[in-house]
């Protein structure tokens, strides 16, 4: 039996980390109603932009998904697209002291991240643990500073699927309940810990697949030997249960990197040959 350990900040997690910090130039979502009456000077009121809606589709590049610059208009879902909006919420921008926080503040971004992360498993028809073994991820957007100043206080949750490093998968016209499809399951081109390891969807050519995840407790990232000791038994049991021969099998253990841990990944992944 062999075990391999991998500490790599993959595009999958970089996507989560980057989007958790992005907001200033993102796409529109829910707009605060504005008065149609003219301002005292007779000029038109500032435009908060269009209101995004759940179910809209967007054709985003990987770069736009992780650091969106400028708005991208929704496209018909029958056309090629890589993101679909599954939730639109309203930012809580009023502080207890009566001040108004910015839409790109840390507090506003935490609210968007928490809401989008919590709602994605339900949208896809998965449990949070099942989502760990998928290449589907939430990305979120808040208004640009100019539109926020005009009254926009929405946040928008989109689902994307990382098909390969820096590449987004084209999505179907409807993603609700879509999580069970093997096309978005997490696989790899080689064993974790090897130079050829690349995370891909199981719909692509692959030789390993993610079999299960193992929770790692604690506020700080434990030392590697402690993580390996915790993961060995569940990874071994999963590999044995899924092997053709229960007396001859192999597996690989992937523990979270410091970057992944800081981004909220408090679990390791057990891999088996595909």
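When peptides 217-227, 49-59 are sorted by average Cβ neighbour count within 10 Å, with the highest value leading, the order is 49-59, 217-227.
Separation of region 72-125 from region 191-238 is 30 Å, based on Cα centroids.
Would you mind calculating the gained length between residue 122 and residue 107 on full extension (0.36 nm times residue separation, minus the Cα-Cα distance), in nm to one decimal?
Numbers: separation 15, 0.36 × 15 = 5.40 nm, distance 2.40 nm.
Answer, rounded to one decimal: 3.0 nm.
Averaged over residues, the count of other Cβ atoms within 10 Å places the peptides 170-183, 235-248 in the sequence 170-183, 235-248, highest first.
Which shape class, rounded, prolate or oblate, goes with region 78-168 when its Cα gyration tensor gives a ≥ b ≥ c as root eigenvalues, a/c under 1.5 marks rounded, and past that a/b bigger than b/c marks prolate? Working shown, then result.
On the way: a/c = 2.59, a/b = 1.78, b/c = 1.45.
Prolate, since a/c reaches 1.5 and a/b exceeds b/c.
Since every read-out is calculated from the coordinates, none of them should be taken as a lab result. Everything numeric here is computed off the predicted structure, so don't read it as measured data. Glycine also receives a Cβ, built like all others from the backbone with ideal geometry; neighbour counts cover every protein chain displayed.
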